[in-house]
Structures are given as structure tokens and as C-alpha cells.
Amino acid sequence: MASRKETLKAIIRDLHAGLTIEEGRERFRREVGSIGTGELVEIEQSLIDEGLPPEEVRRLVLALY
């Protein structure tokens, strides 16, 4: 089973690829539930390191909340 971090990264990547915000929020609630600030910072940095633009990562993360 994927970790919550990997699941959230996948949701953010899917949002970037065209998943709707509503679908992303539903997946987040169903598959992740909640995540701590420290974990979220790690996820954001990991996605940036993988090549997603920082502004896009922040925009997508904020959209989930």
C-alpha cells in the first residue's frame, strides 16, 4: 500500500495533469484524510525536485484545502 505522502503526491500530479479540483479533494479525503505541515512541506519539495514548477505545486496544494 502506498504511503499517505506518495498518495498525496500522486493526487497533486494528477491535478497537474487535468484531474478536477473536486475529484482531487474527494480523493484526498478518501485516500489521505489529513496530513501534517511537516509532511506537506516534504511533499511540496519532492514534487519541485521532480520538476513541477514551485508556483504550480503551491497552487495545487492550496486548491486541495
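For the range 19-65, how many residues are part of a helix (DSSP H, G or I) and of a type in the set (F, W, Y)?
So the count comes out to 1.
Report, by residue number, each residue of the range 1-44 that is within 13 Å of L64 (Cβ to Cβ), of a type in the set (A, V, I, L, M) and out of contact with any helix residue (DSSP H, G or I) (no Cβ under 8 Å at 6 or more places or on another chain).
A10
From the residues in the range 1-24 that are closer than 21 Å to E50 by Cα and of a type in the set (S, T, N, Q), which one is most open to solvent (accessible area, probe 1.4 Å)? Outline the logic, then answer.
Of the residues in the range 1-24, the ones closer than 21 Å to E50 by Cα are 2-19, 24.
Now drop any that are not of a type in the set (S, T, N, Q), which leaves 3, 7.
Values: S3: 58, T7: 21 Å².
Only one residue fits best here, namely S3.
I'd like the residue in the range 9-43 that is free of Cβ contacts under 8 Å to residues at least 40 places away in the same chain and of a type in the set (V, I, T) and, out of all such residues, is farthest from L62 (Cα to Cα).
Going through the qualifying residues, I end up with V32.
Of all the residues that make up the range 25-65, how many are open to solvent by less than 50 Å² (accessible area, probe 1.4 Å), over 11 Å from the mean Cα position of the chain (by Cα) and at pLDDT below 95?
The number of residues fulfilling the criteria is 3.
The values are calculated or read from the model by the stated rules, or taken from the named source; none is laboratory data. As the structure is a prediction and not an experimental result, all values here were calculated from the model. Glycine gets a Cβ as well: all are built from the backbone with ideal geometry, and neighbour counts include every protein chain shown. Side chains are part of the model used for accessible areas, which takes the heavy atoms of the whole protein and leaves out ligands, DNA and RNA. Shrake-Rupley method; radii C 1.70, N 1.55, O 1.52, S 1.80 Å.
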